[in-house]
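Participant: First the structure, then my questions, so here it is.
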Amino acid sequence: MTAYLLRRLAISLGVFTVMSVLVFLGVEALPGDACTALLGRSATATKLAQCRGANGLNASVSHRLIDWASGLLRGDLGFSIKRGKSVVDIVLPRLRNSLALATVASLMAFPLAIVVGVWSARRKGTRVARAVDTVSLVLMTMPEFVTASVLWLLFAVWLPLLPGVTMVSSNASLLEILPNIWLPAITLALVVFAHVMRSMRASFLVTEERPFVEAARARGIAERVVVRRHILPAALPAPINVIAVTAAWLLTGTFVVEVVFNFPGLGRIAVDAISDRDTALILALTLFGLVVFIASSFVSDAVTRALDPRMRAQVAS
Amino acid sequence: MTDIALQLDRFSVGVSPFDAAHLGAVEPQLILRDLSLVVPAGTRLGIVGESGSGKSTLLRAWIGAIGHGLFVSNGTALTAGHNLFSLADDDRRQLLGSTVAMVPQSVAMSLTPHLSVAQHFAEVLGQDTDRTSQLLDEVGLNGAQLRRRFAHELSGGQQQRVLIALGLARDPHIVLLDEPTSALDVGVVHDILTMIAEAQHRRGFTLVCVSHDLSVIDRVADRVVVMQRGEIVEDASREQMNRRPSHSYTAELLAAAPTLGIRHVGADRGTAIDRVVPAPIVRAEALSVVRSSSRHRLGRANAASATTAVDTLTLEVFSGEILGVIGESGSGKSTLLKTICGLLPPTGGTVQWADGFDLATPVERRPIDMLRRIQMVFQNPDDSLNPAHSVRRLIDPTARRSWSRFGGGLKAAHDETLRELLNTVGLAPEMLERRGAKLSGGEKQRVAIARALAMKPELLLLDEVTSALDVTVQAGVLATLLDIHRRLATTMVFVSHDIAVVASIADRIAVLRNGRLVEVDVTNEMLSRPRDPYTARLIELARRTTAD
């Protein structure tokens, strides 16, 4: 297993390196640069040249790539010209907020999704199970801004229990942020819950049809044990993969929800960075997304393997 | 314990109306019809029938679990005096394993893949490791060695033994065996059946064994029930049934079972070797094929996962003959076929077509005419035929754009030709518009053969083409193959694990073991005077299971 993890890690690093170069070149290939975006309409040839000179944009692409990469290795993500701050200072507090939001949403959604998925699979065909199925389908298909708006109406307007819009800055302490997390977190949790729950349910039902389950039942093993020891370990890999993908999404794809609730996370700043042509910031955020997706697939592969002795054996050989 | 172990009283099982409507049936369908049966304690009962006869459903009725979509429409099934369908789940579970034990078949992965052997036993015995070792010992396994293994680390035979030991764990009065030997090699079958008979003798439980294979039933049962389409058509002692079956279907089953040394009708037409000067159509010299496991990922070369499937094999296939190839699983017989048709690359030696064409050329780089000449039919038609396509589309070479480049005479493959083709494989012309999904197993395999024949091949590679079929269906397909051979003189290589089947149609037989050629000889020669002890043992085992 260790050998496998090390190999997998090496590959992840390779993917990261190649992808970060591609991302850098991709941003480079776009028309315009940080200076044209910063100066906008007031841009004249002289001002542009001045700006580019001041910010080192005149150097060759390869030169700047090496510059940027060596900075990256030292933990320096560059400087945002538009915002006049180092990228690390912009990203870190928001990263913390996003992590808090994703953690709260995950804790609400994932355990519950697994439990409800199994529960509804075991009661397949009953009215309750069908109701759960329908509701989850609705949650899955409803755009997040609709879910968000409904929740906002319910808990911020009609029942003013929670703040509807975040009024604290991105640098506020976690305690100050916490009350503002609930509504966006619930919105995200509902979407994510539906995906994971349905995958758990489907996988459980397929696994339940397999001969070893019938054989276990025929041996007179208690149903509780059949579910926990025979079905679940074989059924979990599918929802675990969904969890990995959705967890990554919780950290990188939450722009809509952040806008609705004015939550100071990474999603908003990413969109802003793109419209500002804030190269350094775009690169940092893209790389962050890359890390998140690589890490989540790494973790889910490792867990899936740990559950399956065939994979374990293969890795050991 | 009551004196009657198992009982059926006008017992019927139907497909529940909802599912029946799905299947398009108008009337409620019965899987089991009005069965009555009394099985006294200590009986050794065999239930034989072909697929769809309801034998597995009957077996499951005695543990009260007939499966989704089925319901008891009438009558009762009693197990040691209990009706398991009317018991509460907990009470029913109490009886399972202790009063009645069901031993499922191993092929379908009946051991939980992520639990070790020891963990399986711990569930039914608690932490009694001595008892586990004792049980494994009783079924002929080395407990110390195997207890920590998982299902995928056991052979099919070992899995079946573990399943039997699990069934015996809590000393049941009644043991139900579901196809205990299907898909196992003949030697393993023999050993397992012997072990079962011994365990029954020692413990004296009531034994019910379900199989599609009369020879298996013959070995373990002294009373035989024959089922056909949900009904019991014969219930007799073993001797009685073998001597003079009272029902015509039983007689048909007995006749269809291939018996070693009995040639199929039409097979004795004088061997091909008498008719033509032996000219090899395929010649393999010192052929080796190393197969690496495709499961290693991340591009790491893994020497341990590579196996030599075919090992320095020298063999000729003569033009116009039927060459039978037999061997146990892992003997390399399928690999040999796949190499000839270009699906696997040889790693050593040479393999050539009659005109010197190098058959090491992978299939995608072979010239069109070469592709046409060699056609292969696979074991499982469910996997090799697209169920959504009509028979016409499946067998018509011009219906597929990728095939139209074969052009020439095949362009005229219109209805008349296709009907003729169906006729050749023994199917009615109306079948042309039928979807693959609506065909029976035997019909599917005939379509698969027709598809191969549509190309007018010179060499037909047949990989276990009758293994998935019932005996009566198998007999029909074998007769069809012989008929095709007589009419078209197509050279065939017929691969099977069953020496009796091979011997019933092949002119010559090649015996493979661990990728090596044990011997090759004219069929009758080999049967009467096997030169290698391994062949002798295969023949002896086959004799013992069929001619008892």
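Participant: Of the conditions (1) surrounded by fewer than 21 Cβ atoms within 10 Å (Cβ to Cβ); (2) β-branched (Val, Ile, Thr); (3) at pLDDT 90 or above, residue B:112 clears all except one; give me its number.
Facilitator: Among (1) surrounded by fewer than 21 Cβ atoms within 10 Å (Cβ to Cβ); (2) β-branched (Val, Ile, Thr); (3) at pLDDT 90 or above, residue B:112 violates only (1).
Participant: May I ask you to say which residue of A:242, A:291 is away from chain B (no Cβ under 14 Å), of a type in the set (A, V, I, L, M, F, W, C) and under 29 Å from residue A:30 (Cα atoms)?
Facilitator: Matching residue, one of A:242, A:291: A:291.
Participant: Moving on to the next point. Before we move on, is residue A:98 assigned by TED's automatic domain parsing to the domain that holds residue A:235 and either in a helix (DSSP H, G or I) or of a type in the set (A, V, I, L, M, F, W, C) (or both)?
Facilitator: In short, yes.
Participant: Among what's in the range B:289-324 and is more than 14 Å from every other protein chain (Cβ to nearest Cβ) and closer than 11 Å to residue B:335 by Cβ, pick the residue that is modelled with the lowest pLDDT.
Facilitator: For the range B:289-324, the residue satisfying everything is B:291.
Participant: Report whether or not residue A:23 is touching a residue at least 60 places away in the same chain (Cβ under 8 Å) and more than 22 Å from residue A:272 (Cα to Cα).
Facilitator: No, not satisfied.
Participant: Within the range A:267-288, is there a residue that is within 14 Å of chain B (Cβ to nearest Cβ) and surrounded by fewer than 20 Cβ atoms within 10 Å (Cβ to Cβ)?
Facilitator: Within the range A:267-288, not a single residue is within 14 Å of chain B (Cβ to nearest Cβ) and surrounded by fewer than 20 Cβ atoms within 10 Å (Cβ to Cβ).
Participant: Going residue by residue through the range B:441-456, is there one that turns out to be under 27 Å from residue B:430 (Cα atoms), without any contact (Cβ under 8 Å) to a residue 24 or more places away in the chain and not aromatic (Phe, Trp, Tyr)?
Facilitator: yes
Participant: Okay, next question. Among the residues of the range A:119-133, which ones are out of contact with any helix residue (DSSP H, G or I) (no Cβ under 6 Å at 6 or more places or on another chain) and either of a type in the set (A, V, I, L, M, F, W, C) or crowded, with 19+ Cβ neighbours inside 10 Å (or both)?
Facilitator: Scanning the range A:119-133 gives A:119, A:128, A:131.
Participant: If you take the residues in the range B:73-109 that are under 32 Å from the mean Cα position of the chain (by Cα) and closer than 22 Å to residue B:126 by Cβ, which one is surrounded by the fewest Cβ atoms within 10 Å (Cβ to Cβ)?
Facilitator: Residue satisfying both the conditions and the ranking: B:98.
Participant: From the list A:3, A:43, exactly one residue is over 22 Å from the mean Cα position of the chain (by Cα) and surrounded by fewer than 14 Cβ atoms within 10 Å (Cβ to Cβ). Which is it?
Facilitator: Just one listed residue meets the conditions, A:3.
Participant: Given the criterion touching a His at 6+ places or on another chain (Cβ under 9 Å) and farther than 27 Å from residue A:288 by Cα, identify the matching residue among A:136, A:149.
Facilitator: On inspection, the qualifying residue turns out to be A:136.
Participant: Right, next: Considering only the range B:177-186, I want to know if a residue exists there that is modelled with pLDDT of 90 or more and acidic (Asp, Glu).
Facilitator: yes
Participant: I'm told residue A:172 meets every condition in (1) surrounded by fewer than 17 Cβ atoms within 10 Å (Cβ to Cβ); (2) over 29 Å from the mean Cα position of the chain (by Cα); (3) more than 11 Å from chain B (Cβ to nearest Cβ) except one. Can you identify the failing condition by its number?
Facilitator: Of everything listed in (1) surrounded by fewer than 17 Cβ atoms within 10 Å (Cβ to Cβ); (2) over 29 Å from the mean Cα position of the chain (by Cα); (3) more than 11 Å from chain B (Cβ to nearest Cβ), residue A:172 misses just condition (2).
Participant: If the requirement is being assigned by TED's automatic domain parsing to the domain that holds residue B:57, in contact with a His (Cβ under 7 Å, 6 or more places away or on another chain) and crowded, with 24+ Cβ neighbours inside 10 Å, which of these qualifies: B:216, B:226, B:208?
Facilitator: B:226 is the lone residue from the list that is assigned by TED's automatic domain parsing to the domain that holds residue B:57, in contact with a His (Cβ under 7 Å, 6 or more places away or on another chain) and crowded, with 24+ Cβ neighbours inside 10 Å.
Participant: How many residues are within 14 Å of chain B (Cβ to nearest Cβ) and β-branched (Val, Ile, Thr) when one looks only at the range A:1-60?
Facilitator: Counting residues in the range A:1-60 that are within 14 Å of chain B (Cβ to nearest Cβ) and β-branched (Val, Ile, Thr) gives 2.
Participant: Select from the range B:174-184 the residues that are more than 23 Å from residue B:242 (Cα to Cα) and surrounded by fewer than 21 Cβ atoms within 10 Å (Cβ to Cβ) and list them in ascending order.
Facilitator: B:183
Matching residues to (1) within 28 Å of residue B:254 (Cβ to Cβ); (2) at pLDDT below 85; (3) among the charged types (D, E, K, R):
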site	(1), (2), (3)
B:420	no, no, yes
B:425	yes, no, no
B:441	yes, yes, no
B:445	yes, no, no
B:452	no, no, no
B:477	yes, no, no
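Participant: Is at least one residue of the range B:256-272 closer than 30 Å to residue A:3 by Cβ, at pLDDT below 85 and more than 14 Å from chain A (Cβ to nearest Cβ)?
Facilitator: No, the range B:256-272 has no match at all.
Participant: Pairs needed: first member in the range B:329-354, surrounded by 20 or more Cβ atoms within 10 Å (Cβ to Cβ); second member anywhere, of a type in the set (S, T, N, Q) and not in a loop (DSSP other than H, G, I, E, B); C-beta distance under 6 Å; at least 6 residues apart or different chains.
Facilitator: Here the result reads B:346/B:339, each pair linking the range B:329-354 to a residue that is of a type in the set (S, T, N, Q) and not in a loop (DSSP other than H, G, I, E, B).
Participant: Pick from the range B:168-183 the residues that are outside any strand (DSSP E or B) and in contact with a strand residue (DSSP E or B) (Cβ under 6 Å, 6 or more places away or on another chain): which of them is farthest from residue B:6 (Cα to Cα)?
Facilitator: Per the criteria, the residue is B:179.
Participant: Do you know which residues across the range B:43-66 are in a loop (DSSP other than H, G, I, E, B) and of a type outside the set (S, T, N, Q)?
Facilitator: B:49, B:50, B:52, B:54, B:62, B:63, B:64, B:65, B:66
Participant: Could you list, in sequence order, all residues of the range A:204-234 that are without any contact (Cβ under 8 Å) to a residue 60 or more places away in the chain, crowded, with 23+ Cβ neighbours inside 10 Å and more than 8 Å from chain B (Cβ to nearest Cβ)?
Facilitator: A:231
Participant: Here's another thing I want to ask about it. Can you name the helices (runs of 4 or more DSSP H) wholly within the range B:82-157 that have at least 1 residues being more than 14 Å from every other protein chain (Cβ to nearest Cβ)?
Facilitator: Hits in the range B:82-157: B:129-138, B:143-146.
Participant: Against the conditions (1) within 14 Å of chain A (Cβ to nearest Cβ); (2) touching a Cys at 6+ places or on another chain (Cβ under 9 Å); (3) not aliphatic (A, V, I, L, M), where does residue B:56 fall short? Just the number, please.
Facilitator: (2)
Participant: What are the pairs, 6+ residues apart or on separate chains, where a residue within the range A:102-124 that is in the same structural domain as residue A:186 (by TED's automatic domain parsing) and more than 15 Å from residue A:236 (Cβ to Cβ) has its Cβ under 6 Å from a residue that is small (Gly, Ala, Ser) and surrounded by fewer than 19 Cβ atoms within 10 Å (Cβ to Cβ)?
Facilitator: From residues that are in the same structural domain as residue A:186 (by TED's automatic domain parsing) and more than 15 Å from residue A:236 (Cβ to Cβ), the pairs are A:120/A:129; A:123/A:129.
The values are calculated or read from the model by the stated rules, or taken from the named source; none is laboratory data. All values reported here derive from a predicted model rather than from experimental measurement. Cβ: placed from backbone, ideal geometry, glycine included. Neighbour counts: every protein chain shown.
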